[in-house]
1. Could you identify which residue out of 19, 86, 226 has the top mean-square fluctuation in a GNM of the chain using Cα springs shorter than 10 Å?
2. Given the DSSP H assignment, sum -39500 (n - 2.57) over each helix run of at least 4 residues in the chain and divide by its residue total; what's the result at 222 nm in deg cm²/dmol, nearest 500?
3. Taking the Cβ of residue 130 as the centre, find all other residues whose Cβ is under 15 Å away and add up their charges (Lys, Arg: +1; Asp, Glu: -1).
4. Once you sort the root eigenvalues of the Cα gyration tensor of the stretch 1-124 as a ≥ b ≥ c, which label holds: rounded (a/c under 1.5), prolate (a/b larger than b/c) or oblate (the other case)?
5. What accessible surface, in Å², does a 1.4 Å probe find on residue 129, ignoring ligands, DNA and RNA and rounding to the nearest 10?
6. Quick check on the stretch 259-393: take the gyration tensor over C-alpha atoms, sort the square-rooted eigenvalues as a ≥ b ≥ c, and tell me if it's rounded (a/c under 1.5), prolate or oblate.
7. Antiparallel as a % of all DSSP beta bridges within the chain, to the nearest 5?
8. Would you work out if the stretch 146-304 is rounded, prolate or oblate? Take a ≥ b ≥ c from the square roots of the eigenvalues of the alpha-carbon gyration tensor; rounded if a/c is under 1.5, else prolate when a/b is larger than b/c, oblate otherwise.
Amino acid sequence: MTRARSPYTTAAHAGRDRNASQGMVNLPPFRGSTMLFDNYQRYVDRSWMADTRWASSYGLNGTPTGFAFEEMIAELEGADAGVVTNSGLSIITTALLAFVRAGDHVLMVDSVYGPTRGFCDGMLGDLGVEVEYYDPRIGAGIADALRDNTRIVFLESPGSLTFELQDVPAITAITRERGVMTMIDNTWASPLYYQPLKHGVDLSLHAATKYMIGHSDALMGIALGNGDVIQQLRKKAQMLGQYANADDLFLALRGARTMPLRLERHRQSTLEVAQWLEGREEVERVLHPALPSHPDHALFKRDFSGSTSLFGVQLKAEFADRVALMIDDLQYFGIGASWGGYESLVIPCFPEQFRSATHWPCERGPLLRLHIGLEDPADLIADLDAGLQRLRA
Ligand SMILES: *Cc1c(COP(=O)(O)O)cnc(C)c1O
């Protein structure tokens, strides 16, 4: 057995090829549609592709930068291979479309990322696929929700906005036995802190837009899987015309080289800010799986090797009408969607508007979602302190 190298080393060395980059350390963005072939024979007989590293016959079938990025993330996640598309949402919709057929039943977690729910409700139904939402804390109870025609169980852990953890091994023990496929949105944990394929999940999906790109300057998605599953997804993604843009791939590969370092800082600063918020009397509760107060903390300790920058803060109900006063004048927290970049963000969230299988206790107070960036946490705490004081003024 060879020793698996550290993620820091993988991030620095995976996906490098001196020939492909003409001796430079970094691969350039490969902009292009047409690939030129040496001769008639090579064009007509594509058997050379099977034993050529990073083989491609057209811009949509792959570029060196894309293959390099897929290789690096697959190694970090302990997967055979990866497939990229041009956004986090498109890797999710591509994966679902690749594996469902008319007449199928899909079990979708109730705490799923909003636009994934939008796709399920707005498009899958029209294609003859029935989507049913389930409680993120269902665990082994998934056995009772499975039907004869259930094709996919889709997971996201922690859930978007509300941060419930799922008992992934309890679910996959049952789906594997029943021959049902599982997919998970693993964006929150990143490949560094959770490797779902090792817990029996078939496909791990990420918005590379977040921690991999890490600088809020591009969009991309990546799926990781083993064996035939990921090869099937590659074929289906090509049929759908899905790939990633050359400049975005360059930014993703460049961003991911420093991902382990950035995540370490995000992790530490976020715990500091989250713990500080927990001690504030304006705060009803903090929703961060790495805090012992989180209802699913035991699962967190069992399954995850680290935590990240995104968490929820429920303020006391008495401040419901004053949230704007708090967040409008924050100095370092931008108000905006997406996350995973170097800069801190905050948004108000209303999960009660989407839930169908579970109740979100909005009566306990208004919910904020925070992303803690790479600033000094002392500055962020001072900024939040002033914001909380504005709630009371
Ligand atoms: C942002 C996000 C996505 C979608 O990524 P985009 O690149 O913005 O399409 C998917 N899942 C989760 C959990 C996200 O936070």
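1. So, out of 19, 86, 226, the one fluctuating most is 19.
2. Numbers: 14 runs with 136 residues, N = 393.
Theoretical 222 nm ellipticity from helices: -10000 deg cm²/dmol.
3. Details: positive: 101, 117, 147, 151; negative: 104, 121, 126, 132, 148.
For residues surrounding residue 130, the net value is -1.
4. Values: a/c = 2.25, a/b = 1.42, b/c = 1.58.
Oblate shape, in that a/c is at least 1.5 and b/c is the bigger or equal ratio.
5. Near enough 10 Å² of accessible area.
6. On the way: a/c = 1.58, a/b = 1.10, b/c = 1.44.
The shape class here is oblate.
7. Details: 25 of 44 bridges.
Once the DSSP bridges in the chain are tallied, antiparallel ones form about 55 percent.
8. oblate
The values are calculated or read from the model by the stated rules, or taken from the named source; none is laboratory data. Computed from a prediction, not measured in an experiment: that's the story for all the values here. For neighbour counting, all protein chains shown are included, and Cβ atoms are generated from backbone atoms with ideal geometry for every residue, glycine included. Side chains are part of the model used for accessible areas, which takes the heavy atoms of the whole protein and leaves out ligands, DNA and RNA. Shrake-Rupley method; radii C 1.70, N 1.55, O 1.52, S 1.80 Å.
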